[in-house]
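Here is the structure we will look at, set down as structure tokens.
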């Protein structure tokens with residue numbers, strides 16, 4: 001299967017989850033990352049790109065390699081992790097705690113067939129990319145990024161597949177998202193949520 005890259009911003013991540021409390025928020029972000037990495041490493045070779053020591057230790061525990069985040073935002077981080085890689089590659093955000101191995105395999109299929117696939121969040125940002133080759137990546141993250149990725153793929157002559165796999169669509173940005181995903185979240189996320197409710 002395609003390789004997987006997971007970007008994770010350390011300190012200060014998930015500010016909109018303030019409702020769970022300042023002490024629980026970093027632990028929740030790491031728990032969600034742990035659930036994502038567990039699915040990813042079970043599916044394929046996985047690289048975490050981060051500047052956070054706790055996240056790097058978690059990646060080591062779960063069998064993912066670690067690339068240093070050079071700073072400059074998510075696009076720069078993903079570009080750094082993709083450097084030296086070739087072939088089909090998934091980029092999966094760290095706030096998708098419901099993701100499972102079968103979701104990743106299904107999402108990878110279009111990229112392995114030469115198309116670019118993406119998962120658009122409800123707010124128009126991009127939760128996940130499936131690149132047919134690492135050269136198809138561009139640092140286009142931010143508001144409205146899903147539309148920019150579609151246009152970027154078209155200008156490169158790539159077919160675009162809009163994927164609606166629920167466990168990749170359901171990202172966690174705020175407390176309402178946590179309530180919505182409920183028991184579908186992975187075990188690490190559920191364990192943290194049980195301590196803050």
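The values are calculated or read from the model by the stated rules, or taken from the named source; none is laboratory data. Here the structure is a predicted model, which is why all the values come from computation and not from measurement. Using ideal geometry, Cβ is built from the backbone for each residue, glycine included, and neighbour counts are taken over all protein chains shown.
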Against the conditions (1) within 17 Å of residue 8 (Cβ to Cβ); (2) surrounded by fewer than 21 Cβ atoms within 10 Å (Cβ to Cβ), where does residue 126 fall short? Just the number, please.
(2)
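For segment 108-117: of the residues being touching a helix residue (DSSP H, G or I) at 6+ places or on another chain (Cβ under 9 Å) and closer than 18 Å to residue 43 by Cα, which is surrounded by the most Cβ atoms within 10 Å (Cβ to Cβ)?
The selected residue is 117.
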Can you tell me which of (1) surrounded by fewer than 21 Cβ atoms within 10 Å (Cβ to Cβ); (2) in a helix (DSSP H, G or I); (3) touching a residue at least 12 places away in the same chain (Cβ under 8 Å) is the one residue 71 doesn't meet?
(2)
Being at pLDDT below 95 and either within 22 Å of residue 28 (Cβ to Cβ) or in contact with a strand residue (DSSP E or B) (Cβ under 7 Å, 6 or more places away or on another chain) (or both) is true for just one of 173, 103. Which residue is that?
173
Condition check: within 19 Å of the chain's Cα centre (by Cα) and free of Cβ contacts under 8 Å to residues at least 12 places away in the same chain. Does residue 148 satisfy that?
yes
Being within 27 Å of residue 179 (Cα to Cα) and modelled with pLDDT of 95 or more, is that true of even one residue in segment 76-87?
no
Of 108, 162, 128, which residue is under 14 Å from the mean Cα position of the chain (by Cα) and part of a strand (DSSP E or B)?
128
Tell me the residue from 37, 96, 48 that is assigned to a loop (DSSP other than H, G, I, E, B), closer than 22 Å to residue 186 by Cα and touching a strand residue (DSSP E or B) at 6+ places or on another chain (Cβ under 7 Å), please.
96
Being more than 19 Å from residue 46 (Cα to Cα) and surrounded by fewer than 18 Cβ atoms within 10 Å (Cβ to Cβ), is that true of even one residue in segment 98-105?
no
Please count how many residues of segment 176-197 are assigned to a helix (DSSP H, G or I) and modelled with pLDDT of 90 or more.
6
